[in-house]
Every structure is written in C-alpha cells, then in structure tokens.
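Inspection log for the structure reproduced underneath, given as structure tokens.
Bear in mind that the values in this text are calculations on the coordinates, not laboratory data. Treat the numbers as computed from the prediction; the structure is a model and nothing was measured. Because the Cβ atoms are built from the backbone with ideal geometry, glycine has one as well, and the counts that use them run over all protein chains shown.
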C-alpha cells in the first residue's frame with residue numbers, strides 16, 4: 001500500500017470563497033481592528049443559530065472561558081468542579097483566577113463528565129458553586145442529569161462548547177445550557193476563523209461586562225480611564241470576516257463529518273473496537289472528530305511515559321500507539337485521546353473524583369467489571385481518527401484498511 005500523496009489531516013480548515021469576500025470588505029473599509037461590521041454580524045448570526053440572547057466575539061475560546069470564570073465569581077482558593085477528560089484550555093482559566101480545579105471522572109456513554117461522580121463530588125465538597133463541563137469531540141454530555149445536580153446544589157454551569165458548535169441535546173443547541181458558555185473558532189474546529197471564540201449568555205449585564213473587560217476595561221470617559229482589571233480579548237474584524245464567511249456552511253460541515261463517522265463505523269464493524277458513543281435518543285453530535293476505542297481483550301501491550309510510547313505487536317491485537325504510528329507512516333494524521341487532566345503533571349496533586357469517591361486513593365479499584373478511573377481507561381485504549389471533511393471516500397477506505405492491518 002502506497003503512502004498518501006497529500007497528507008490526510010485530523011481536521012483542517014475547510015474554506016469557501018465567502019471568507020475572502022468579508023476579509024476584503026474589512027480591508028477596503030479600513031476596519032481592521034476590534035470593531036466593524038463583520039464582528040456585529042458574527043455576533044448576530046451566532047445568537048440566531050445557537051438560540052442565545054447575547055454573544056460577545058473574543059480572541060479565542062480560552063479567553064471566552066476565562067471571562068466566564070470571572071463572571072462566575074471564582075476567587076483565589078475556590079474549588080471548581082471540571083470535566084477531567086478535555087484539553088487543558090478548559091481548565092487553565094480557572095487557575096488564571098486563582099481557583100483550584102477538582103476533576104470529575106468520565107463516563108463511557110458519551111465520554112463526558114459522569115453525573116454519578118459529580119453527585120459524589122458535591123457530597124465531598126458541598127461548598128463548590130461552579131461546574132465547568134465539556135461536550136467532548138462535539139458530543140453533548142448528559143445535560144439533564146448534570147443540570148439537575150447543579151440546580152440541587154445551587155451551582156453555576158460554565159459550558160465549554162468549544163468543540164460542539166451545531167450539536168444538539170433534545171433539539172436544543174449546545175452553548176445554551178450554561179449560565180455562561182464558550183465556543184471556539186480555532187483552526188481545527190468545525191467552523192473556523194483561524195482563531196477566535198465567543199462567550200454566549202442570556203444575561204445582558206454579563207454580556208456587557210465581558211465587552212468591557214475584553215477591551216481593557218475602559219470606562220466611559222474622554223480619556224483612558226480604568227477602574228478594574230481589563231484584557232485585550234476582543235475579536236478582530238478581520239478574523240470575524242473569516243467566521244462570517246464560514247457560518248453559512250455549518251450544517252454542510254456537520255453532514256460531512258457525520259458521513260465520515262458512519263463510514264468508519266461501517267468499515268470497522270468487524271474489528272474488536274467501538275466508535276465514540278452518544279445518546280441517540282436525546283442528542284445529535286456535530287461529529288467534529290471520529291474516535292474509536294479498542295476492546296480490552298484486543299489490546300496488545302502498550303506502555304506510555306510522559307513523552308513517549310512503546311508497544312509489543314501481537315497477532316489479532318493492536319493499540320492506539322501502533323495504529324497512530326501506522327497512520328503516520330502512510331502520511332495520515334491521527335491523535336491520542338485528550339490525556340485526562342488528573343494525569344497531567346501540572347494537575348496531578350489536584351483532587352480527582354470518580355463515581356466511587358476519591359479516585360486518588362482507588363485508581364486500581366473496579367466497579368461493574370471496569371476500572372473506576374474511566375478517563376484513564378479511554379485514554380489508554382482510544383484514539384482520534386483522521387476526520388477531515390475534505391478527505392475522499394477512497395482515502396477513508398484506505399485508512400480503514402490500514403487500521404484493519406494493525407489487527408492482523
């Protein structure tokens with residue numbers, strides 16, 4: 001089998017001609033900074049598509065999460081419950097404000113925050129008033145269960161919908177379930193601006209605070225007057241032009257991503273693997289990334305250090321390291337699953353709660369036949385497959401054959 005002539009990416013930007021039109025409009029009108037028609041239109045279009053009342057265009061998803069944490073009133077020393085299996089950008093903004101993340105383990109049904117573990121966490125830390133939850137890889141979490149628990153304990157929800165723009169839960173768009181929500185337009189997202197993000201809320205006062213904070217907290221005075229800490233977090237009108245050109249294609253991108261997921265599911269059905277799952281009765285992901293997890297009995301020996309991985313090939317078995325190395329050999333990009341936050345060197349000393357209680361003391365315990373550290377288990381056995389919506393069916397068929405060869 002020959003290498004791919006052109007690299008098959010995990011998820012690269014899919015551009016259309018409209019982006020250039022709006023970038024040029026910004027250039028020709030000389031509105032190149034953090035005000036302009038593109039920003040106004042992007043904020044209007046996102047509110048219309050998602051169903052929130054207010055949106056504020058910012059420089060990144062991370063800055064959106066940071067200002068959401070600030071809105072939630074997190075102070076130095078405050079504990080905050082956070083999804084464990086996610087990218088570090090979900091959690092770092094808590095630390096920007098001096099908060100201490102407590103990581104909540106994952107569940108297998110959606111690969112998101114486990115409501116059982118969250119309930120346990122509130123019993124252990126009843127003083128917590130903020131929960132940061134993620135819709136991993138574009139799959140909605142168990143929203144009803146998590147919201148019921150947060151309501152019971154009077155906790156604010158910060159919704160990290162960076163990966164899930166266009167995904168729905170019971171027909172309602174993600175990005176509307178948090179008191180404050182964040183989306184991302186990073187280069188690999190389903191809609192991109194090359195960078196950029198947005199804070200979403202139904203609270204007008206909160207939206208106005210974010211607009212002020214994100215423009216260095218300038219007061220309404222004839223000179224530069226500052227009475228509180230501010231940030232340079234506003235989106236550029238040029239970046240907004242890219243996002244504005246992308247947004248009409250959201251549904252098309254989702255349909256392409258779903259087709260990729262379904263082709264993998266069909267093509268890999270005879271292998272001892274499962275695709276990343278979702279609640280088919282209640283949710284419709286945006287299928288941003290197609291992922292798979294290898295059945296435990298089909299895992300060959302694999303060892304990972306902090307920066308390297310080794311495996312021993314076994315007949316009829318494979319592991320994420322072998323598959324990822326084989327994909328790279330053929331010029332295709334896969335990725336490991338997000339390494340859970342409680343396993344990261346920077347956060348290893350933070351509390352970590354499983355459905356059985358304090359996961360730090362019981363990482364070798366088992367429940368219902370499975371390791372209770374579910375995030376670690378998914379990380380060990382899972383990987384993200386090439387999910388670029390410009391990938392041809394022939395290229396995907398070849399990727400499927402490469403994966404099959406790993407199990408020979």
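Mean-square fluctuations from a GNM of the chain, with a 10 angstrom spring cutoff on Cα atoms, peak among 286, 356, 389 at 356.
Fewest neighbouring Cβ atoms within 10 Å first, the residues 183, 156 line up as 156, 183.
Let me check against my output: what whole-number percent is the relative contact order of segment 1-107, with C-alpha pairs under 8 Å and at least 6 apart? Reported as a whole number, the value is 18 percent. For the residues 200, 124, 165, a GNM of the chain with alpha-carbon springs under 10 Å puts the largest fluctuation on 124. Take the chain, connect every pair of alpha-carbon atoms lying under 10 Å apart with a spring to form a Gaussian network, then pick out the residue of 345, 386, 222 with the largest mean-square fluctuation. Top of the fluctuation ranking is 222.
The fraction of all Cα pairs in segment 17-247 landing in successive 10 Å bins from 0 to the largest distance is 8, 34, 35, 17, 5, 1, given as whole percents. With contacts taken as Cα pairs under 8 Å at a separation of at least 6 residues, segment 17-247 carries a relative contact order of 29 percent.
Given a Förster distance of 35 Å, report the FRET efficiency between residue 124 and residue 297 from their Cβ-Cβ distance, rounded to the nearest 0.05. Working from the Cβ atoms, E equals 0.55.
Between residue 30 and residue 96, full extension at 0.36 nm per residue minus the direct alpha carbon distance yields a gain of 20.3 nm.
When 213, 31 are ordered from fewest to most other Cβ atoms inside 10 Å of their Cβ, what list results? Could the numbers behind the result be given before it?
Numbers: 213 22, 31 19.
Starting with the residue having the fewest Cβ neighbours, the order is 31, 213.
Neighbour counting of Cβ atoms within 10 Å sorts the residues 1, 275, fewest neighbours leading, into 1, 275.
Taking only C-alpha pairs under 8 Å that are 6+ residues apart, what is the relative contact order of the chain in percent? Could you put the intermediate results ahead of the total?
Values: 906 pairs, mean separation 94.6, N = 408.
This gives 23 percent for the chain.
If each residue of separation counts as 0.36 nm, what is the full-extension length gain between residue 232 and residue 194 once their alpha-carbon separation is subtracted?
On the way: separation 38, 0.36 × 38 = 13.68 nm, distance 1.77 nm.
Taking 0.36 nm per residue and subtracting the Cα distance, the gain is 11.9 nm.
Relative to the current alpha-carbon distance between residue 255 and residue 170, full extension at 0.36 nm per residue lengthens the span by 28.8 nm.
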